[in-house]
């Protein structure tokens, strides 16, 4: 038996073992979504494609290095998101899709050179160590996934038994409208870093809003930031997006506002408190197949083969949210409303210019042009916000929150710069106690100070 196993390990199985490793790695990130049929079909398709391309390479005369070449191609395709994060974090470089073709071409030319020169390099020397490495790595990620799952059970219990409580002492319940502006930077940071004087600040102050110069968020990633907010400033770091999505489904905040007599309405591409997504968008994974395919390359390639660009999709989403928000504010209900409206502005892709003209395709900007496009989109965002709140009936008798979820995140800032978390926040409700607002240290603490 041992001899048989040793013989198998001498073969170039690693190109197939990588597919198995990838499935285990992505599955271990969040076990509850696991689907055995999807797992088997994915692995079968992966092995079939791999066998086909190796056969093609070998028939064209590329014998040495065919398996290694296909392995590197699969690593790039399936782990593009992880590679992109690694490059941007460790080397401050952005891995772009257009480089993929160049990498494949260079790799193929190297293989062809090996064949022509008949270099005395045996591929067999890689087989056993690479096979062993992938088997061990698969075992490690599986054990780590189990460890994380056990830890998160304790975290889930802690969230559901949180002692944080919203203030629901008000005798007269006011409608609450929370407009979230994705990646809206703090006015102080916009001024100091980007030389942008935010005219939304003065406009809101004239309407009676209390506007912060800067409001720190717990996180600079949307789903983590919102998850923490809807679980009343849960500060425990989460292992990945799937766990965050799960905690959003259980939202402590929504349970408490419902207990206080409110009707909750979510206008979000995320599912909050088991509400149906207002409009699904391919941003975060939310089922097992998404969990396997999640990554920038998969999203970009999908857009390349569809007639709908990200700009069109996201712009449609924003307009639908605004329209539905205004409709809901005009509907009289038996219970007070808490309306949550998540707009993907000024977050990229930048769908419109400063004057509101639609930009159909996302441009591959340089950093400098990217900043200008962001500021143009932010100007458009400000006009949208002011136009929207001007149409809300009986505005002075409602509680209104206008905030970001995190700050702007340009690559020159680096991944640990606090500016990435510094966001916009403005609050209005009748007879505000502004001294209480100074107690709020993070955006995620705001729901505890709205006097429902």
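Here are the numbers for the structure shown:
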read-out	value
Conditions (1) modelled with pLDDT of 80 or more; (2) surrounded by fewer than 17 Cβ atoms within 10 Å (Cβ to Cβ): number failed by residue 61	(1)
Test result for residue 281, modelled with pLDDT of 90 or more, in the same structural domain as residue 326 (by TED's automatic domain parsing) and closer than 26 Å to residue 79 by Cβ	no
Whichever residue in the stretch 202-215 is in a loop (DSSP other than H, G, I, E, B) and farther than 24 Å from residue 338 by Cα and, among such residues, is farthest from the chain's Cα centre (by Cα)	213
Hits in the stretch 216-274 (condition: in contact with a helix residue (DSSP H, G or I) (Cβ under 8 Å, 6 or more places away or on another chain) and assigned to a strand (DSSP E or B))	216, 264, 265, 267
Residue in the stretch 428-436 that is under 15 Å from residue 217 (Cβ atoms) and at pLDDT 90 or above present	no
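Matching residues to (1) more than 28 Å from the chain's Cα centre (by Cα); (2) at pLDDT 95 or above; (3) at positive phi; (4) in the same structural domain as residue 11 (by TED's automatic domain parsing):
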{"site": "109", "(1), (2), (3), (4)": "yes, no, no, yes"}
{"site": "122", "(1), (2), (3), (4)": "yes, no, no, yes"}
{"site": "135", "(1), (2), (3), (4)": "yes, no, no, yes"}
{"site": "154", "(1), (2), (3), (4)": "no, no, no, no"}
{"site": "175", "(1), (2), (3), (4)": "yes, no, no, no"}
{"site": "181", "(1), (2), (3), (4)": "no, yes, no, no"}
{"site": "187", "(1), (2), (3), (4)": "no, yes, no, no"}
{"site": "195", "(1), (2), (3), (4)": "no, yes, yes, no"}
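The values are calculated or read from the model by the stated rules, or taken from the named source; none is laboratory data. Everything numeric in this text was worked out from a predicted model, so none of it was measured. Please note: Cβ atoms are built from the backbone with ideal geometry, for glycine as well, and neighbour counts cover all protein chains shown.
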